[in-house]
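What follows is a short report on a single structure.
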Amino acid sequence: MTAPTGPGPETAGLTDWIAVVAGAVGALMATLDISITNTALPQIQGAIGASGTEGTWIGTGYLVAEVIMIPLTAWFTRLLGLRTLLLVTTTAFVLFSIFCGLSGSLLAMIIGRIGQGFFGGALIPTAQVIVRTRLPARQMPVGMSIFGIIVLIGPILGPVLGGYLAEEVSWRWCFFLNLPVGIALAVLLLVGLPRQRANLGLLAKADWWGILGMTLAFSCLTVVFEEGQRDGWFESPTILGLTLASLLGFAILLLSQRTSADPVIKLSLLGNRAFSSAALIAMAVGAASYGATFILPQFLSTIAGYNPRQAGAVMALSAVPVFLLVPILPRVIGRFDARVMVALGLVCYAASCFVDIGLSPDSAGSDFTVSQLLRGVGQILASMPLNQVSMAAIGRENAADGAGIYSMARNLGGSMGLALSGVVIDQRSAVHSDAIRETLTANSLAGQARLAADGVSQGIDAATAKLRAIAQLSSLIERQALVMTYSDCFWLMGVMILAMTPVVLLLRRPK
């Protein structure tokens, strides 16, 4: 059963645009909730009695459940019909959001976040499916631009909105906010999407082995990426066991691709060179985007001393180019080679990373203005044409399956970006700290000058004053090492993005 073919070759009608807006609202709600808890996490952990390590599962639970649902969305669409699926997932997403807002324990919060992630995972790829199946080719750039903007804006606005609600209202409104949005979304879905008959017969011939393998593979892999650094990677029996379980899941999934008449996920689409190249670039952009949204708030908090609202305001700068280019890009995408735009976007994104290499302990939010603006330009120039190229490469009949694979690639890239950032911060900070300490000892001229500059504090004996000076010097060394480590992270992200630019040559320009 394929997705509906849409209104026809000429122009989209009012209900078609209502459907597109509904898909965009659903994707925005889901992408916002990925990151809206990041800045409110300290308040949430305090309210439910969770430690810092336990609190990480508030985000990890969401991502694990989401990455399971995203590739299943195409199968659920064929099983229930697009409108029924979206109404069910929207209702469940809102109910689990309310459950999170009312939670008073860590277990309840994690259960709520898993429910949010699972049902919210269907809202992102279905937005692409609606655009691909309800709009004619002439208006496709506009629809894909709307989707691309939503995917970019959600992670940017999430920390800003979460920080504001946590400080000015209550962290619980990070979840209660989904109630009015969900009601509005349900109304748009009822108006914009036609009712389709469910095909429950698919249950009898479902690719259950493929579903099992995919669930095992991607859920365990996501947990490994998210928790591996904190648990010492393969020194931890848990991480080692999850890695082996993920490999087993991939083996089952690949076997089901060969034996099942109707695989749950069409990995054969990756044989399409243009589509697989677009998915690879999306994975790299996802890794860089999630990595930047992880590193920048840390720098602003630990080095510049910013609170969540101030850090959110700096991060929101990357949204400015998105809003400015919204009226222009839909027209430009349809007239110029999308490959050139993607390459230009990757170069701008890499440049934004290289600008942040020269950080210092005195850097503040204003020093990130240029890099954040460049990052916004790079993201929108790369992501919006890439969405169109990926969907055009596989045709309308494969829109649902392709959207699931594409979204899954971006999310897995995000998890890889977070894991890589954690590894670099832990390892490089120790390397830089040791290097500084080797050159700056108590016997070195610089070390003696620093200790002498502190002098003897009033009312404190010389020995105590010297110990305080040494402690202050040690703190400065750790601070400088951390700044150098953040610079390393941005350098690695820039190199990774630049390495993706040759892959653009493998893309195919949409007709």
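Derivation of every value follows stated rules applied to the coordinates shown; laboratory data play no part. Note that the structure is predicted; figures quoted are calculated from it, not measured. We place every Cβ from the backbone using ideal geometry, glycine too, and count neighbours over all the protein chains shown.
Here are a few things to note about the model shown:
- Only one residue of Leu476, Phe176, Thr60 has its Cα farthest out toward the positive end of the dipole of the chain, where Lys and Arg carry +1 and Asp and Glu -1 on Cβ, and that residue is Phe176.
- For the chain, Kirkwood radius (reciprocal of mean inverse C-alpha pair distance, Å): 24.0 Å
- Taking the C-alpha atoms only, the angle from helix 462-500 to the longest principal axis of the chain is near 30 degrees.
- A crude spin-label estimate for the pair Asp426 and Leu255, with each label 7 Å from Cα along the Cβ direction, gives 3.3 nm.
- Projected label distance in nm at Trp491 and Val187, using a 7 Å step from Cα toward the beta-carbon: 5.4 nm
- Charged side chains reduced to their Cβ positions (Lys and Arg at +1, Asp and Glu at -1) give the range 186-299 a dipole of some 600 debye around its Cα centre.
- Placing dummy labels 7 Å off each Cα toward the beta-carbon, the span from Ala47 to Ser105 is 1.8 nm.
- Shape of the range 312-359, Cα gyration tensor, a/c cut at 1.5: oblate
- Residue-span extension gain [Glu235 to Val370] - 0.36 nm each, minus C-alpha spacing: 44.5 nm
- Within the range 257-353, the ratio Rg/Rh, alpha carbon atoms throughout and Rh by Kirkwood, equals 1.11.
- The shape of the range 207-263 can be summarised by an equivalent ellipsoid whose semi-axes, obtained from the alpha carbon gyration tensor, come to 26, 9, 6 Å from longest to shortest.
- Mean-position separation - Cα centroids, the range 395-435 and the range 111-137, in angstrom: 20 Å
- Shape index of the range 79-169: Rg/Rh, with Rg the Cα radius of gyration and Rh the Kirkwood radius from the inverse mean 1/r over Cα pairs, equals 1.06.
- Highest-first arrangement of 351-362, 288-299, where packing means the average Cβ count within 10 Å: 288-299, 351-362
- Protection proxy ranking, peptides 118-124, 28-34, average beta carbon neighbours within 10 Å, highest first: 118-124, 28-34
- Val326-Arg138 FRET efficiency (beta carbon distance; Förster radius 25 Å; 0.05 resolution): 0.85
- Toward the positive end of the charge dipole of the range 207-263, with +1 on the Cβ of Lys and Arg and -1 on the Cβ of Asp and Glu, the farthest Cα among Thr215, Ser246, Gln257 is that of Gln257.
- Degrees, to the nearest 10: 338-355 long Cα axis against longest axis of the chain: 20 degrees
- Full-extension gain in nm, Asp434 to Glu478, via 0.36 nm per residue minus C-alpha separation: 14.9 nm
- Angle in degrees between helix 399-439 and the longest Cα principal axis of the chain, rounded to the nearest 10: 10 degrees
- Formal net charge of residues neighbouring Gly402 (Cβ-Cβ distance under 12 Å; K, R +1; D, E -1): +1
- Helix-only mean residue ellipticity at 222 nm for the chain, each DSSP H run of n ≥ 4 adding -39500 (n - 2.57), per residue, nearest 500: -25000 deg cm²/dmol
- Counting only Cα atoms, the range 145-196 measures 43, 25, 12 Å along its principal axes, largest extent leading.
- Dividing the Cα radius of gyration of the range 1-205 by its Kirkwood radius returns 1.01 for Rg/Rh.
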